[in-house]
Each structure stands twice: as C-alpha cells, then as structure tokens.
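Right, one structure below, let's go through it.
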Number of protein chains: 2
Amino acid sequence: MKKLREIKLKDLDTQAFIRKQVKEITRTVGNGTAVNALSGGVDSSVVTMIAHKALGKKLKTYFIDHGLMREGEPERVVAFFKSRGVNVQLLKASGTFFKALKGKSDPEKKRQAITDTFYKTVFGPLVKKSKARFLLQGTIYTDVEETIAGIKRQHNILAQLGIDTKKAYGYTVLEPVIELRKPAVRVVGHALGLPKSIYNRPPFPGPALTCRVIGEATPGRIALVKQATTIVEKELADVPAFQCMAILHEDRVTGIRNGKREFGKQIEVRCWDSKDAVTASPTEVPFRILKKIAKRITAEIPGVVSVTYNIASKPTSTIEAV
Amino acid sequence: MKKLREIKLKDLDTQAFIRKQVKEITRTVGNGTAVNALSGGVDSSVVTMIAHKALGKKLKTYFIDHGLMREGEPERVVAFFKSRGVNVQLLKASGTFFKALKGKSDPEKKRQAITDTFYKTVFGPLVKKSKARFLLQGTIYTDVEETIAGIKRQHNILAQLGIDTKKAYGYTVLEPVIELRKPAVRVVGHALGLPKSIYNRPPFPGPALTCRVIGEATPGRIALVKQATTIVEKELADVPAFQCMAILHEDRVTGIRNGKREFGKQIEVRCWDSKDAVTASPTEVPFRILKKIAKRITAEIPGVVSVTYNIASKPTSTIEAV
C-alpha cells in the first residue's frame, strides 16, 4: 500500500493529474477489464470518466439502485453517462438492501449492512461474473481521514482499514481520486467535461438516505425522507451552500392538526457552509425560506408536525446525523 | 359549574376585575381558610396576590419544589412573596416526583404522573392537614380550551373534565383568572404591583421541565435540560419573544469531539412569537445569537453534540414538544 499524501487544490495541475491517472489505470489494467459502481455523485462520476478515458469498453460500469437515492436520480444519472458512451448498466436491488437493513437502528450497523450488501451480496457477484480483476472506487482523502480517525466508518474504505480486497473479494481496488478533497474533485470533474449538475453536485453519503433517518431505515421511512429531501433541495436551490439535507427523527413530538392533538414526527433540516467538510457551520438561510420549508414539509408529508434547523457547527456536530 | 366566557383584553376593566375577584373570594371563603400552590409563574402569582388581598393570613400558600423548575427559581420566588407579607412555605419534594416519573416516556403519562403526585401525594394531604376547604388555582382560559379540544392535557383542568374536586379531593376549587388569557393576566399582575420579572415572565408549563425532555424525565436528564434552559434564556434575554425553551431529545446523533466520534445528544431550541399561545411562529432570532447558543450548549453540557432551532409554526407544531 502506497503512502497517501493529499494533493491540495492550490497544488493541483488538473490536466497533468488526469493524464497521470488515465496512464496509471491503462498500465495497471493492461489487457484486463475493470468494473466500477457509479452513484451519480461527483466522486464516482469523475472516476467513471477517468476510467472510461483509460479503458473505453474494457470498463463495465454498474449503477446499483438500492432504493436509497433521491427521487428519479438513478434513471437521470444512467441516461447521462450512456449519452457519453460509457458502458453503464442500471440494476434495481432495493429489496435486497431493505432486507439487510431490517431491524437495524445503530448507525454503524446500518452502514455495515449497506457495505456488506453492496460488496458481498450485490456488487461482488457482479464483479466475479464479469471476470474483471480491477475495481475502481471514488474514495477521497476526507473519507480515509475520517475513517482512520474513528469518526465515521465510510463505506468505501477497505485497504486503509487493513482489508486485503484481493484476498477478501478477489479483485484489486484502484482509487484514482484518493489524494483529493471534494473541491479538487469538482475541478477535475469540470475539466473532464461533466455538466455542472454533476461536478458541482452537493455531496451525498455512500449509504445515501439511510444516513438521513435516525433509527431503522424501512421503505416507508426512506420514502418519507425522500419526499422531505426533494422539498429541502428545491427550496434551497438558490442558497449558496456546501450541502443541505433533511433528516427524519425517531423522537415523537406533540403537534396539532385540524384542532386535534397529533403525536407526530419531526424533520431536521441541515444546510452547511464548508470548504472541505472537515469543519462546517450552519448556513444563514433567510427565515422566509426556512419557514416556507417547514410549512411545505408539515403540509405535504403525512404525520410530520415539527421541523427544525441545525444551528451547531462541525465539530461537535458531524455533517450527517447518523 | 358556571358557564365560562372569555373576558377579552380590550374589554377588561382591570381594577373592577380585581375588586370583583377579591369580593367573590372573600364571600365564598367566609370564615374558612384557603390554600393555594404558587409556582412563580404569572398565573399562580396573580392568584396568590388576589387571594392574599381577600384573605390575608386566612390564605396558606405552598411552593412545592418538585425539582423540575429553573435553576434557583423556588428560592427566588418564595423570598419575593414573603417580602410582600404572603403566608408562603417552601416544600422540597423532588424525590417523590422523580419516583413517580420513573420509567414513563409517554407525554400524557408523564403529565398524569405530575398531576397525581402533585394533587394526591403531596398537595392533597397538605390541604387536608390544613383543614382548608378552598383551593385557589391559576387556570386560564387557554388551558381549558386546549384540554377540552383534546390537544394537550393541562395539569390544572379538573372541573372542566367532569372531576368533582369536592368529592374527589375534599375541597372546592376557585379559579379567579379562568376567564382571562395570558396577556390579560399580565395586565392584572401589573395592576397588582407585581414586579415585571413576574407579570411579564415567559410562560412555563405546569409539568415544568418534564415537558422539555422527550422520553423519561430522570434527575440526570432534568439536570441537563435545566442547564440548557439557563443558557437559552440568558442568550435570548434581549430578544423580544413570547416564550423560549430548550428541549432534550431522546434520539442520538453522530458527533465529533477532540477528533473522535461521539454518538451524542441533541438539544432543540424553540423561541416563539405569539399573542395568545393559540397560534405561534418561530422568532427570527439573529444567526449570531443562534450560533452562540449552539456553541455554548455543546461546549458546556457534557454529551451534547448537536443543537437545532425550531422553524415550524403552531399549528402544526405545539409550543411545547411533549
């Protein structure tokens, strides 16, 4: 395992970086084939484009729809990459993921269930079947840092935790953007000709909306937070921010609807100012917008009576709630 | 039971109202004695002063410290009323209340435990021992309205729910401010010569800080929310608002402290603009202050990693969380 060193944004020679990564992938994969999983986030999109440049049809890209993404997102992303000539396939697997998440409330167990289902149950067999010996991943510098520091177990950190993927899963993992933090990845994405909606897309966690429900991630609770996410992202679209999100709480609070008591649900909204996700502070969203978000969520989502806005910074908060 | 009609603030002749209530209490109690419980809130303070005017030493006032009030509050309130010649006694009973609250997470069960402990276990025997046949209470119009509508069970609504207090507890309940809403009660308090800190005090629920913890009200959780309440009230002291509060959630969220992951607690801050508590909207507190509150709470209260601010209105929210 090579020693990891961050390439800071100010030191990044974008074109040279892309050339170097393309060359390295071409050399490493040789006459073999590679696979990767695309989520539509900036990291995996950049990796897909770099690997596509290097390997063309020798790269097989899978978009695994675990049912935990934003509304309509899997279809939109796959259509875009197909239009760029990428050899990408959409796989619907939400039933498998929800089965693995059933009964799990602990954040680490939820993340573990996603990792295991993703690699062992769904993606692992695909890789084996493809006979590819190389797996490309969109791991970035912050993921490694946080996992090693013990803050949060990122789903895609394997080698850094001492897991020999060749031995455990039968393939070698290549991580072309591991030396970069998010802002540098965006610059590379721009240089690769990705549209702004992708290279500037707000970060979205690997375990996706499971991180946005406190407690068990059931199909019903995921559907609810998906609806809240659509509202929050729509209403905050014009607010310049690093990332914004809706979180479904498990706590119940007293509310009132049509003059009657309703012991209901609460949604927490977070919107972050941040350069690199290492530290972050709540965006000063105008109250007019915050109140509109609360009004829409309580009016449009059944059972939600209360909405809050995060006012703590990272640290002591983290960006995601679980 | 006489038919209840609201006296609106614009129709209130304050001096005439006080004279009428004093006269009615004097007439009803006659040569007997009366007792009342003082909490330091504007309602019970106004009732204490009116009854003191009517009855002098024939009124025995108890301040029951259930351990669920703000820091230092019982001592401060009792000292003030003693200085006005009121026959008031401070009774420490927190052990009894925490025992009754043990294992109770449901908001209605918590409220019921407080009501029962207050009336049956602590105050009831005191009233019996005093041989008083009259109990004065600070019930206001909104309490009746909300309880009858089934929104929230107010601790002090008995007759309106069909409970015959004379039969159940052995005394008659007198409610001199039951026709008034909060703003009118404040005007009467001012006219009675109460200090601004009392007649203008933000409302505080009967079950006190038990309403400010979601889930079980243990001594430790009450101590935590007490500390948060002190910070929130201090930092919002100069913000004009109807009421502000800190709420301890039961949900745990991921945080980070000293570079290490901390699965920690969350405090929700609410600050309301309202005329009469029937409808309310979140106060547009400057972000500078909200961020300072979050910083102080996460720095000063062990285990709290996240702080939110309520952005929903009543309805669909209620003012208190539980």
Completion exercise
Shortest first and in nm, the label-point separations between residue A:70 and its counterparts in the other identical copies (7 Å out along Cα→Cβ) come to 4.4
Practice task
Throw me the Rg/Rh for the protein assembly as shown, computed over C-alpha atoms with Kirkwood Rh, two decimals.
Solution key: 1.10
Fill in the blank from the handout: Which residues qualify? For residue A:309, with a placed amide H closer than 5 Å and at least 5 residues away or on another chain, they are A:269, B:309, B:310, B:311
Exercise for the section: Give the interface area between chains A and B as buried accessible surface, both sides summed, probe 1.4 Å, in Å² to the nearest 100. Expected result: 4100
Practice task
With label points built 7 Å along Cα→Cβ from the Cα atoms of residue B:288 and residue A:120, find their separation and express it in nm.
Solution key: 5.4
Problem - Compactness index (Cα Rg / 2.2 N^0.38 Å), region B:1-93 - result: 1.19
Completion exercise
Expressed to one decimal in nm², the mean projection of the alpha carbon convex hull of region A:172-286 is 10.3
Practice task
Measure up B:109/B:291; A:295/B:104; B:128/B:167; B:20/B:314; A:120/A:166 against 23 Å on the Cα-Cα distance and list the ones that go over.
Solution key: B:109/B:291; A:295/B:104; B:20/B:314
Handout entry: C-alpha center-to-center spacing [region A:70-116, region B:176-199] in angstrom
Key = 60
Handout entry: At most 13 other Cβ within 10 Å, DSSP loop - chymotrypsin sites (Phe, Trp or Tyr not before Pro), region A:4-90
Key = none
Practice task
Would you compute, from DSSP H runs of 4+ residues alone, the mean residue ellipticity of chain A at 222 nm, taking -39500 (n - 2.57) per run and dividing by the full residue count, rounded to the nearest 500?
Solution key: -11500 deg cm²/dmol
Fill in the blank from the handout: One finds, for residue B:6 and residue B:299 with R0 = 45 angstrom and r their Cβ-Cβ distance, a FRET efficiency to the nearest 0.05 of 0.50
Handout entry: Accessible surface of chain A [probe 1.4 Å, protein heavy atoms]: carbon and sulfur percent
Key = 54
Practice task
Have a look at the DSSP beta bridges in region B:171-322 and tell me what percent are antiparallel, nearest 5.
Solution key: 70
Practice task
Might you report the magnitude of the Cβ-based charge dipole of region A:1-43 about its Cα centre, with Lys and Arg at +1 and Asp and Glu at -1, to the nearest 20 debye?
Solution key: 220
Problem - Burial ranking of peptide ranges A:103-113, A:305-315 (average Cβ count within 10 Å, highest at the top) - result: A:305-315, A:103-113
Problem - Euclidean distance of C-alpha centroids, region A:14-68 and region B:217-246, integer Å - result: 52
Fill in the blank from the handout: With the label set 7 Å along Cα→Cβ, residue A:279 is separated from its counterparts in the other copies, in nm and shortest first, by 4.3
Problem - Three-way shape label, region B:1-158, alpha-carbon gyration tensor, a/c 1.5 - result: oblate
Handout entry: Inter-label distance for residue A:196 and residue B:260, nm, one decimal - labels placed 7 Å from Cα along Cα-to-Cβ
Key = 4.5
Exercise for the section: Go through chain B and flag any cysteine with no other cysteine's C-beta closer than 4.7 Å, please. Expected result: B:211
Problem - Tail fraction, Cα-Cα pairs, region B:78-135, threshold 16 Å, whole percent - result: 56
Handout entry: Intensity falloff of chain B expressed as log10 I(q)/I(0), Debye formula with alpha-carbon point scatterers, at q = 0.08, 0.11, 0.14, 0.16 Å⁻¹
Key = -0.37, -0.70, -1.13, -1.47
Handout entry: Cα centre as origin, Lys/Arg/Asp/Glu Cβ charges: region A:237-322 dipole, Debye
Key = 480
Handout entry: Dipole magnitude of chain B, debye to nearest 20 (Cβ charges: Lys/Arg +1, Asp/Glu -1, about Cα centre)
Key = 880
Practice task
Please calculate how many Å² of accessible area the protein assembly as shown carries per residue, with a 1.4 Å probe and no DNA, RNA or ligand atoms counted.
Solution key: 41
Exercise for the section: Every other copy gets compared here: list the nm distances from the residue B:195 label point (7 Å along Cα to Cβ) to its counterparts, shortest first, one decimal. Expected result: 6.6
Exercise for the section: Give, in nm to one decimal, the length gained when the segment between residue B:237 and residue B:13 is fully stretched (0.36 nm per residue of separation minus the Cα-Cα distance). Expected result: 77.6 nm
Handout entry: Residue of chain B nearest the B-to-A rotation axis [by Cβ], rounded angstrom distance
Key = B:308, 2
Practice task
Pick out, from B:187, B:236, B:171, the residue whose Cα sits farthest towards the positive end of the charge dipole of chain B, with +1 on the Cβ of Lys and Arg and -1 on the Cβ of Asp and Glu.
Solution key: B:171
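The values are calculated or read from the model by the stated rules, or taken from the named source; none is laboratory data. Everything numeric in this text was worked out from a predicted model, so none of it was measured. FYI the Cβ positions are ideal-geometry reconstructions off the backbone, even for glycines, and counts take in every protein chain you see. What goes into the accessible areas is simple: the full protein's heavy atoms, side chains included, and nothing from ligands, DNA or RNA. Shrake-Rupley method; radii C 1.70, N 1.55, O 1.52, S 1.80 Å.
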